[in-house]
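Only the coordinates and a few stated rules stand behind these numbers; no lab work does. Because the structure is predicted, anything quoted here is derived from the model rather than measured. Cβ placement follows ideal geometry from the backbone for every residue including glycine, while neighbour counts extend to all protein chains displayed.
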Amino acid sequence: MTETIPQPADRGEVTLRDVTGEDLPIFYEHQMDPLATQMAAFASRERDAFMAHWTKILANSGIIKKTIRCDGLVAGNISCFEQLGEREVGYWLGREFWGKGIATRALSEFLGQVSIRPLFARVAKHNLGSKRVLEKCGFVVSGEGSFSLDPGGSKIEEYILKLSQ
């Protein structure tokens, strides 16, 4: 069980709930933000591809997926999924919700609901805010790697973080 992160009263109530189809247009807009895609080192998808991707996610019972809400507004999403034989956690917040402790509080709540361990996360080395969120929630750097957004494209360096307990 992870330690609960204190929630300052002036930062809004953060809750998690199951993802619904009504959340998808908001998620779509979040992932279209050029600064967000640059920070996450993740290519945005056009609407049809995005909706098809999320339709598969919603249909897959092996993926734990939650909508992050702050003061009743959809702030983003968080999920746990299998990749390359390991369980990973990933999250995405709309830029208007950055820098307010929302990601840390959402991840802390999520980790209290998801007992799977170990859990892994990957974060682009230049995304120090996301790395810090993971570390505040108990993840430690366990390795480094690199990936490319496009075949033959330039490599993006990343940290691999692990939560053991």
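Here the 3J(HN,Hα) profile of segment 51-64, calculated from phi with Karplus coefficients 6.51, -1.76 and 1.60 at θ = phi - 60°, is 5, 5, 4, 6, 4, 5, 4, 5, 7, 8, 6, x, 9, 8 Hz, Gly and Pro shown as x.
Go through Ser115, Gln31, Ala59 and say which Cα lies farthest out towards the positive end of the charge dipole of segment 13-163; charges sit on Cβ, +1 for Lys and Arg, -1 for Asp and Glu. Most positive-ward Cα: Ser115.
Applying 1/(1 + (r/R0)^6) with R0 = 25 Å to the Cβ-Cβ distance of Val140 and Asp33 gives a FRET efficiency near 0.30.
Count the DSSP beta bridges whose two residues both fall in segment 1-126, then state the antiparallel fraction as a percent rounded to the nearest 5. If I count the DSSP bridges inside segment 1-126, around 95 percent turn out antiparallel. Extension gain, Leu128-Arg45: 0.36 nm per intervening residue step, less the Cα-Cα distance, totals 27.5 nm.
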